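**Q** Here it is: the structure, laid out below.
The values are calculated or read from the model by the stated rules, or taken from the named source; none is laboratory data. No experiment lies behind these values; they were computed from the predicted model shown. Cβ sites come from the backbone with ideal geometry, for glycine too, and all protein chains shown count toward neighbours.
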Amino acid sequence: MWGVDELRENAVRHALFQHLDGLVAASDDGLLDWRKTEDFLFDGERFVVRQTRGAGICKPASLSGALSITTVFTPYGRKPPYEDFDGADGYPRYKYQGTDPNLYTNRALRVCLEYELPLVYFLGVQPGVYQAIYPVFVIADNPNSLDVTLGFQRSEVGFDVTHLTEAEKRYALVQTRRRLHQPVFRERVLHAYATRCAVCSLRHRTLLDAAHVIGDAHSDGDPIVPNGISLCKIHHAAFDQNLMGIRPDYRVVVNSALLEERDGPMLAYGIQAMHETPLQLPAKKIDRPDPDRLAVRYGEFLSAS
């Protein structure tokens, strides 16, 4: 494409990444509250970090390529304005703005593809709060389905995603889960549980995890709030090791052998005392653990007990 200043395009992106590094480092939880997020200056020009309204594709007037893309927070169970999704090849897709492939914002995504320009992907994890994932690359353009394919390294740009081996597809899916889904899954689950352990009420964010009811390696292990439970690290480990289970009626059950052990106050008060206590659930019913998934997971606990 004629007229693209690659040096400047990359320099602006490098400045944006450095700017975001500082914002993320200054944040207590690594997230960006948009009310407190400032724009940045490069060579005397002010750039917005992301599109604040309307299009999710941010294309500054002085650049040829898009600078960032955004998927806004949508509560579980509601239809998002754009249906971004994962492809059968394991790579995430990002929808065009509107239905015209030649709209200037959509053309700006193709510039990123042609010149291998990195982007920032802002994923909404709470209303007005975003996880910044960067660098992200446009690795394929799909005008028939009105979307682009995203990847996480420059070497993926331009390769044919239609001829991936099964091993390559699995690797792509693992990368997508690690880079995109897991950070968003954690924040949405913690938000649903008011940032506390559902078993013991611990509220220290750095000691909390978003535990999967069904592991993400399984077909039903979707990174959605009803497949998650906010647990402190000790209860997460106990849950994963089948030392503690959760019944479909939302009761905590401790492994019978573990109940008989004597090993100091942590075991006595931290785990054994939780036996038969009710799980502390999210306020919204739609965010509560799926009983069918809990039944499957509880069956695994019983088999291991």
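**Q** If you take the residues of the stretch 283-305 that are surrounded by 17 or more Cβ atoms within 10 Å (Cβ to Cβ) and among the basic types (Lys, Arg), which of them is farthest from residue 238 (Cα to Cα)?
**A** Out of the qualifying residues, it is 288.
**Q** Would you please name the residue that is nearest to residue 205 (Cα to Cα), looking only at residues in the stretch 20-41 that are in contact with a strand residue (DSSP E or B) (Cβ under 6 Å, 6 or more places away or on another chain) and in a loop (DSSP other than H, G, I, E, B)?
**A** Here the residue is 31.
**Q** Does residue 212 qualify as being within 23 Å of the chain's Cα centre (by Cα) and crowded, with 22+ Cβ neighbours inside 10 Å?
**A** In short, yes.
**Q** May I pose another question? Inside the stretch 198-222, can you point out the residues that are touching a residue at least 60 places away in the same chain (Cβ under 8 Å) and either assigned to a strand (DSSP E or B) or touching a strand residue (DSSP E or B) at 6+ places or on another chain (Cβ under 8 Å) (or both)?
**A** 198, 199, 200, 213 - these are the residues of the stretch 198-222 that are touching a residue at least 60 places away in the same chain (Cβ under 8 Å) and either assigned to a strand (DSSP E or B) or touching a strand residue (DSSP E or B) at 6+ places or on another chain (Cβ under 8 Å) (or both).
**Q** Pairs please, first residue from the stretch 25-54 and not assigned by TED's automatic domain parsing to the domain that holds residue 68, second anywhere and among the β-branched types (Val, Ile, Thr) and at pLDDT 80 or above, Cβ atoms under 9 Å, 6+ apart in sequence or on different chains.
**A** So the pair list comes out empty.
**Q** Of these, 280, 272, which one is assigned by TED's automatic domain parsing to the domain that holds residue 224, at negative phi, surrounded by 13 or more Cβ atoms within 10 Å (Cβ to Cβ) and without any contact (Cβ under 8 Å) to a residue 60 or more places away in the chain?
**A** Selected residue: 272, the only one of 280, 272 that is assigned by TED's automatic domain parsing to the domain that holds residue 224, at negative phi, surrounded by 13 or more Cβ atoms within 10 Å (Cβ to Cβ) and without any contact (Cβ under 8 Å) to a residue 60 or more places away in the chain.
**Q** Run residue 251 past the list (1) under 23 Å from the mean Cα position of the chain (by Cα); (2) without any contact (Cβ under 8 Å) to a residue 40 or more places away in the chain; (3) within 13 Å of residue 281 (Cα to Cα) and report the number of the one that doesn't hold.
**A** (1)
**Q** Looking at the structure I just gave you, is residue 117 closer than 23 Å to residue 11 by Cβ, touching a residue at least 12 places away in the same chain (Cβ under 8 Å) and not in a strand (DSSP E or B)?
**A** For residue 117, the condition - closer than 23 Å to residue 11 by Cβ, touching a residue at least 12 places away in the same chain (Cβ under 8 Å) and not in a strand (DSSP E or B) - is met.
**Q** Just to verify a result, which residue in the stretch 20-38, among those that are at pLDDT 90 or above and either closer than 17 Å to residue 66 by Cβ or β-branched (Val, Ile, Thr) (or both), is surrounded by the most Cβ atoms within 10 Å (Cβ to Cβ)?
**A** Within the stretch 20-38, the match that is surrounded by the most Cβ atoms within 10 Å (Cβ to Cβ) is 20.
Yes/no per residue for (1) modelled with pLDDT of 85 or more; (2) buried (at least 19 other Cβ atoms within 10 Å of the Cβ); (3) in the same structural domain as residue 289 (by TED's automatic domain parsing); (4) more than 30 Å from residue 281 (Cβ to Cβ):
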| site | (1), (2), (3), (4) |
| --- | --- |
| 143 | yes, no, no, yes |
| 147 | yes, yes, no, yes |
| 150 | yes, yes, no, yes |
| 153 | yes, no, no, yes |
| 160 | no, no, no, yes |
| 167 | yes, no, no, yes |
| 171 | no, no, no, yes |
| 178 | no, no, no, no |
| 182 | yes, no, no, no |
